[in-house]
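Q: What follows is a structure written as structure tokens; I'll ask about it next.
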Amino acid sequence: MKADINKNFFATQIGSILATAGSAVGLGNIWRFPTVTGQNGGAEFILIYLFFNVFLGVTCMMTEFIVGRNGASNPLRAYIKAGNNKSWGIMGILAILCGSLILSFYSVVAGWCVYYLYLAITGGVLGSFDHIQSTFSALIGEKDIYICCAISVFFVIITHVIVVQGVQKGIERAAKYMVPMLILLLIALGVASSSLPGAWRGLEFLFKPDFSKVTMHTFYEAMSMAFFSLSLGTACLVTYASYFRKDANIGKFALQISIIDVVVAILAGITIFPAAFSVGVEPDAGPSLIFLTIPNVFTQAFSPTAGYYLSILFYFLLVLAALTSTISMHEIGTSLLSQEMKTSRTVAGTLVTIFCCIMGTLCALSFSHPNIGVMGSTLFDNLDSVTSKVFMPIGAFATCMLVGWVMSRKTVMRQLTSNNRYAWSRPTLRTFFFLVKFVCPILIGIIFVVNIFFTN
Ligand code: PHE
């Protein structure tokens, strides 16, 4: 029970930033961002994404930090305290459910990354395109489905082991090593990829906008991407903010985390597109991009030795990125259950882990047994949709309403200024409250309505 004597706050400012950035930076940046950018035209999508990341993202992140640090407890209590009404506790219940459900399907993709890391080390990831394709089909088909289930469970258990160590010894220490390592690895891969012959076409795709291709759909995709990527609306940020120190500057933290998130996403783009263009792979290959196309890119674009080492680096990086995010998803349930059930983090964490292992296994099985799922989709897709289309928008919308309209201005200001430590100019404050009260809820409302009614 050594871990339970850990105090529940981050020991250092940099630790707080890196742990929260670790939650934001994940498969969303390295897998989803290049996929969506590839499908939405490139540079123009990135510019719109940047806009949403800064206006919607930073503002919503600050609202979650305000509720979290003001609550200084798990999301359930934090929402009740902020709203001064027990019914706000529903947000805490949604939060624990949302975090655990995301962890369940996310751990399946994270498990694939572990498997691909193993394949990369044993040389199994390089080869003809047919070989690469059959490896991936086997993994989600009947043949190797038990591997798929086992690695998802394995990933949840690794997450569990880190989380039960406590806030400082587990979460903060892991993030302090992993996030800088991840950025360094991405820079190394980005440099290697952009020095390939023909790589300039990939860079042009990423940095030369063509606004004639922008549609409403581009805006919608960019908004959702910013949402998922910054872990908004899941109470991950509320939970982590409860570990911030009293002198943490919430506005600065939100800005720094959003910058790290954007930089990692763009670095992932610089790693993937130049290499893809240099071997003639289409940028809109879709979600299979990193599991089908990237091994092919590594085989064709580099010498066998360079391809071997770079593929190991790449999948190692994905595992790291996924892990810093799954830790934050697991922590929501662990902190909530341990405080509400007055039990140790180990017992609370075990309950979360058992739930996520069962759901994760069912998600993995649903690829080869499509009857596991509802409305004609797999359970994997069901959980992905219900969390990103319903839970996340509701969480972010409710938090904006809470901070903008329900909490007293005095309480909000106390958090914004960290008890008068940091000054805010009048125009900046006005802009902040305008964004929180009107702009963000309306934008989120649009995302919600478009997602529910206009996409399948
Ligand atoms: N932001 C993470 C990513 O980009 C995903 C995530 C979503 C993490 C919700 C926590 C909560 O991969």
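Laboratory data are not the source of any read-out in this text; all were calculated from the coordinates shown. Given the structure is predicted, the values throughout are model-derived calculations rather than measurements. FYI the Cβ positions are ideal-geometry reconstructions off the backbone, even for glycines, and counts take in every protein chain you see.
Q: Residue-wise, which Karplus ³J(HN,Hα) couplings in Hz belong to the stretch 433-438, taking 6.51 cos²θ - 1.76 cosθ + 1.60, θ = phi - 60°, and x for glycine or proline?
A: With the stated coefficients, the stretch 433-438 comes to 5, 5, 4, 5, 7, 10 Hz.
Q: Counting other beta carbons within 10 Å of each Cβ, put Met216, Met407 in order, fewest first.
A: Met216, Met407
Q: What whole number of Å gives the distance from the Cα centroid of the stretch 130-188 to the Cα centroid of the stretch 357-388?
A: Taking the Cα centre of the stretch 130-188 as reference, the centre of the stretch 357-388 is 19 Å away.
Q: Calculate how steeply helix 89-121 sits against the longest principal axis of the alpha-carbon atoms of the chain, using the helix alpha-carbon long axis, and give the answer as 0 to 90 degrees to the nearest 10.
A: 20 degrees
Q: When you take every Cα atom in the stretch 110-223, what is the radius of gyration, and what is Dmax, the widest Cα pair distance, in Å?
A: 19.4, 51
Q: Moving to a separate point now. Which of the aspartates and glutamates could a cross-linker bridge to Lys86, judged by Cα under 20 Å and excluding same-chain residues fewer than eight apart?
A: Qualifying aspartates and glutamates at Cα under 20 Å: Glu64, Glu340.
Q: Given the convex hull of the Cα atoms of the chain, what is a quarter of its surface area in nm²?
A: Values: hull surface 83.0 nm².
For the chain, the mean projected area of the Cα convex hull comes to 20.7 nm².
Q: Could you give the distance between the Cα centres of the stretch 55-73 and the stretch 193-241, to the whole Å?
A: About 22 Å separates the Cα centre of the stretch 55-73 from the one of the stretch 193-241.
Q: Compute the angle between helix 216-229 and the longest alpha-carbon principal axis of the chain, please, reported from 0 to 90 degrees and rounded to the nearest 10.
A: 70 degrees
Q: Then there's this: Would the stretch 1-109 count as rounded, prolate or oblate if I go by the C-alpha gyration tensor, calling it rounded below 1.5 in a/c and otherwise prolate when a/b exceeds b/c, oblate otherwise?
A: Here the stretch 1-109 falls in the prolate category.
Q: Once you compute Rg and the Kirkwood Rh from C-alpha atoms, what is the Rg to Rh ratio for the stretch 127-180? Show your work: numbers first, answer last.
A: Values: Rg = 16.6 Å, Rh = 13.5 Å.
My calculation of the ratio gives 1.23.
Q: Using only the alpha-carbon atoms, what does the stretch 398-455 span along each of its principal axes? Please give whole angstrom values in decreasing order.
A: Here the spans come out as 46, 20, 14 Å, largest first.
Q: What are the ³J(HN,Hα) couplings of the stretch 133-148, residue after residue, when phi is run through the Karplus curve with 6.51, -1.76, 1.60 and θ = phi - 60°? Round to Hz, x for glycine and proline.
A: 5, 5, 4, 5, 5, 5, 5, 9, x, 4, 4, 10, 5, 5, 5, 4
Q: Let me ask another. Dipole of the stretch 13-453 (Lys/Arg Cβ +1, Asp/Glu Cβ -1, origin at the Cα centre): which of Ala138, Met62, Ile452 lies farthest to the positive side?
A: Met62
Q: Same structure, new question: At most 14 other Cβ atoms within 10 Å plus a DSSP loop assignment makes a site exposed; report the longest stretch of the chain without any exposed trypsin sites (Lys or Arg not before Pro). Write out the running numbers ahead of the final one.
A: On the way: sites that count: Lys7, Lys143, Arg245, Lys246, Lys342, Arg421.
In short, 8-142.
Q: May I ask you to give the average projected area over all directions of the convex hull of the Cα atoms of the stretch 221-260, in nm² rounded to one decimal?
A: Its Cα hull, projected and averaged over all orientations, spans 3.1 nm².
Q: Also, quick follow-up: With the radius of gyration and the Kirkwood radius both derived from the Cα set of the stretch 308-362, what is their ratio Rg to Rh? Before the final figure, lay out the partial values.
A: On the way: Rg = 14.9 Å, Rh = 12.7 Å.
In the stretch 308-362, Rg relative to Rh is 1.17.
Q: Which loop-located chymotrypsin sites (Phe, Trp or Tyr not before Pro) does the stretch 329-437 contain, where loop means any DSSP state but H, G, I, E or B and the Cβ has at most 16 other Cβ atoms within 10 Å? Please report the intermediate quantities before stating the final value.
A: Working: sites: Phe355, Phe367, Phe380, Phe391, Phe397, Trp405, Tyr422, Trp424, Phe432, Phe433, Phe434; in loops: Phe367, Tyr422, Trp424.
When the chymotrypsin sites (Phe, Trp or Tyr not before Pro) of the stretch 329-437 are filtered for loop state and at most 16 Cβ neighbours within 10 Å, Tyr422, Trp424 remain.
Q: Please report how far the C-alpha centroid of the stretch 290-330 lies from that of the stretch 396-441, rounded to the nearest whole angstrom.
A: Cα centroid to Cα centroid, the span is 40 Å.
Q: Using the Karplus curve 6.51 cos²θ - 1.76 cosθ + 1.60 with θ = phi - 60°, work out ³J(HN,Hα) for each residue of the stretch 381-388 in order, rounded to whole Hz, and write x for Gly and Pro.
A: Using θ = phi - 60°, the values come out as 5, 4, 5, 4, 5, 5, 6, 7 Hz.
Q: Another question about this same structure. When a/c is below 1.5 the answer is rounded, else prolate if a/b is larger than b/c, else oblate, so apply that to the stretch 327-456 with a ≥ b ≥ c taken from the square roots of the Cα gyration tensor eigenvalues. Let's see the in-between values first.
A: On the way: a/c = 3.80, a/b = 1.48, b/c = 2.56.
Oblate.
Q: Using a simple charge model, +1 on the beta-carbon of Lys and Arg, -1 on the beta-carbon of Asp and Glu, nothing else, what dipole does the stretch 1-142 show about its Cα centre, in debye to the nearest 20?
A: Dipole about the Cα centre, nearest 20: 740 debye.
Q: May I pose another question? If one computes P(r) from the Cα atoms of the stretch 81-127, what percent of pairs lie at distances over 16 Å?
A: Numbers: 649 of 1081 pairs.
Everything past 16 Å amounts to 60 percent.
Q: Might you report the magnitude of the Cβ-based charge dipole of the chain about its Cα centre, with Lys and Arg at +1 and Asp and Glu at -1, to the nearest 20 debye? Walk me through the numbers on the way to the answer.
A: Working: 27 positive and 18 negative charges, 440 e Å.
For this selection, approximately 2120 debye.
Q: Using only the Cα atoms of the stretch 316-396, construct the convex hull and provide its projected area averaged over every direction, in square nanometres to one decimal. Please list the in-between numbers first.
A: On the way: hull surface 27.7 nm².
Result: 6.9 nm².
Q: Just rank His160, His131, fewest to most, by other beta-carbon atoms within 10 angstrom. Display every interim value, and only then the final one.
A: Numbers: His160 22, His131 14.
Listed from fewest to most nearby Cβ atoms, that is His131, His160.
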